[in-house]
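Structure record follows, encoded as C-alpha cells.
The values are calculated or read from the model by the stated rules, or taken from the named source; none is laboratory data. Nothing here was measured: the structure is a model prediction, and the numbers come from that model. Neighbour counts run over all protein chains shown; Cβ positions are idealised from the backbone, glycine included.
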C-alpha cells in the first residue's frame, strides 16, 4: 500500500505531504481545485509520462516521492532480482522533472533508467480514470481484461510462443514458395557468382603477401645495392680498407693475448661470441644476395593477380569476407536445388507446430470459458448491488481461423441494462452511469484475485445518481476491506463511507495560487458533506450531512 506521498512544485501543488492508511480514502473539493492533479502526480511517480508543463510556474523542477509498504510477493521478488530490495518492508520511489527536460528516477535512493523504473512499478497501484473507463467501449481491450480477471497470463504466454513458432515456419514456407522461373534465375545468378570467385581462387592472406612481394620487386635495384654495401662493409672490405669482420678478428686476437697475460678483464668470451655472430650474419647477407632474383615478368604477374583480387571486392572488403560470402551463396544454392526436400521438412514442421499450438490454445479456451462464466455470475451479483439487478452481462467468443497471437478466439463484452432487451456490444447500449457501475463491478471482481494492494478511482461515480450513488459508496467500502482504496468523488453519499477524508482547496496568497490538501476532522467532514450536497436551506443541508455521517459511522461499527 501507499504509506506516504510528498509532492513539490507539481502543477498548483507547492508542497503537499500526506500519510495514508488502509481502507477507503476520499478526496473532495470544488471543480478545478486540483483533485485529479493529485492522482496525476501519483501516475508520474509510478513511471507515467512527465513533461515540463507539469512544473509549477516560476520553478525549475517538480518532485514526487512515495513510500510503499506491504508489497505483493511478486513485486518484492522483481525488485530483489533487479537489485533494489525492500528495506524493512518499505520501497522508496522518487521522480524529478526538470525544466531542462531531464528526468531523474530513483528507487531506494539509487538512480535508475526510466524504462527499468517503470517496469519495477508495475503492480503497485491500479489506477482507474476516465481513459480506462472509455477503454471498455473498445472491444480490443476485452480479451486482456478477461485474462487479467482470470489470471491467465502464463497460459496466454504459452499460446503466443506456440503461435510465433507456427508463424516462423509459415514465413519460411512463403520464402520458398517463389515461382520456378524466379528460382531458376536465382540459381543461375548464384552459380555465376560462385564460379567468378572460384576462377580467382583467392587464398586468405594472399593479397597482403603479394603487396609485400610487389614492394620488394619494385625496389630490386636499390635492395641489391644495399645488400652489397652491407656485405662489403661487414666481410669483404674495400680499397685497402679492412672489413668489420677483419677488425673484429684483430680485436679478438689482441684480447686473447690479453687474457693469457691478465684474466681480470674477462671479456674474451664476449668478443669470441661477437666474432662468430658477425660471421654468421655475413653468411646470411651473402645468401640473401646470391638468392635474390629479379624477374620483371613476376612483377607483371603480381599486378595481374592483384587486379583480379580487387575485382572480388564487391563480395567483401577482405578475402576472408569474400570466402564467407561464397559459403553463404553455396548454402542458398543448396537450398534452392533441394527445395522439394525442404518443402517436405517444412510441411512436417508446420503440422507439428500447429498441433502444439492447438493443444495449448484449447487449454486456454477452456479456461477462458470457465472464467467467462465466473465473471458473468459474479457480475450479476455485483451489478445487483449497484442497482442493475435486471441487467445481463455476457462474454462472447469469436474464433480465429488460423493460429493467432492471443489465442484461438477473441472476446467481446455484451451488455443489456433492461429485462427483455438482448445483450449488445457495450459501446452501443451502456450509458455513462451504467458504464461507471459496470467498471466498478469489474474492479470489485478484480480486487478478489488481483495482488495489487492499492486501487485508485477517479470520479467512478460519474453519471450515477439517486439511491444508486449510495450503493457505489457501499461497493467502494467493500473493496476497501481488503485493499487500500483512494477515490476522487463529487458525491457526498460516497465520501461519507471513507475512513479518511481529504479536502482539496485552491487558495491565493501573495499573488500566487496554490492547491492545499488537508485531512478533515469530524466536524470538517460534516461541513464538506454539506457543501457537496449543496442547494436548498443551509441548515437542512447541514442536517442531511449530519445524517449521512452518523449513518456511515453506524455502518462501520456494525461491520466491526
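Here are some notes:
- Some residue of region 278-299 being surrounded by 12 or more Cβ atoms within 10 Å (Cβ to Cβ), within 60 Å of the chain's Cα centre (by Cα) and farther than 21 Å from residue 232 by Cα: yes
- Any hit, region 18-39, residues being free of Cβ contacts under 8 Å to residues at least 60 places away in the same chain and closer than 22 Å to residue 122 by Cβ: no
- The set of residues in region 254-271 being in a helix (DSSP H, G or I) and modelled with pLDDT under 90 consists of 254, 255, 256, 257, 258, 259, 260, 261, 268, 269, 271.
- Test result for residue 83, in the same structural domain as residue 8 (by TED's automatic domain parsing), outside any strand (DSSP E or B), at pLDDT below 85 and exposed (fewer than 13 other Cβ atoms within 10 Å of the Cβ): no
- Between 390, 443, the distinction of being under 31 Å from the mean Cα position of the chain (by Cα) and either outside the structural domain of residue 74 (by TED's automatic domain parsing) or over 30 Å from residue 166 (Cβ atoms) (or both) belongs to 443 only.
- When the test is whether a residue is within 14 Å of residue 64 (Cβ to Cβ) and modelled with pLDDT of 90 or more, residue 45 passes it.
- Selection count, region 138-169, where residues are over 19 Å from residue 368 (Cα atoms) and touching a helix residue (DSSP H, G or I) at 6+ places or on another chain (Cβ under 7 Å): 3
- Some residue of region 99-114 being surrounded by 19 or more Cβ atoms within 10 Å (Cβ to Cβ) and touching a residue at least 60 places away in the same chain (Cβ under 8 Å): no
- Restricting region 239-250 to residues that are part of a helix (DSSP H, G or I) and without any contact (Cβ under 8 Å) to a residue 24 or more places away in the chain, the residue that is farthest from residue 288 (Cα to Cα): 250
- Considering residues of region 183-238 that are surrounded by 11 or more Cβ atoms within 10 Å (Cβ to Cβ) and not in a helix (DSSP H, G or I) only, the residue modelled with the lowest pLDDT: 237
- Filtered residues of region 82-97 (kept if touching a strand residue (DSSP E or B) at 6+ places or on another chain (Cβ under 8 Å) and farther than 16 Å from residue 45 by Cβ): 89
- Residues being at pLDDT 90 or above and within 24 Å of residue 54 (Cβ to Cβ) are entirely absent from region 521-533.
- For residue 498, the conditions (1) part of a loop (DSSP other than H, G, I, E, B); (2) within 16 Å of residue 436 (Cβ to Cβ); (3) over 36 Å from the mean Cα position of the chain (by Cα) are fulfilled apart from (2).
- A count restricted to region 375-393 and to residues that are under 12 Å from residue 445 (Cβ atoms), free of Cβ contacts under 8 Å to residues at least 60 places away in the same chain and in contact with a helix residue (DSSP H, G or I) (Cβ under 7 Å, 6 or more places away or on another chain) stands at 2.
- Hey, residue 544 under 18 Å from residue 37 (Cβ atoms) and surrounded by fewer than 21 Cβ atoms within 10 Å (Cβ to Cβ) or not: no
- Within region 47-79, the set of residues being over 13 Å from residue 117 (Cα atoms) and assigned to a helix (DSSP H, G or I) comprises 52, 53, 54, 73, 74, 76, 77.
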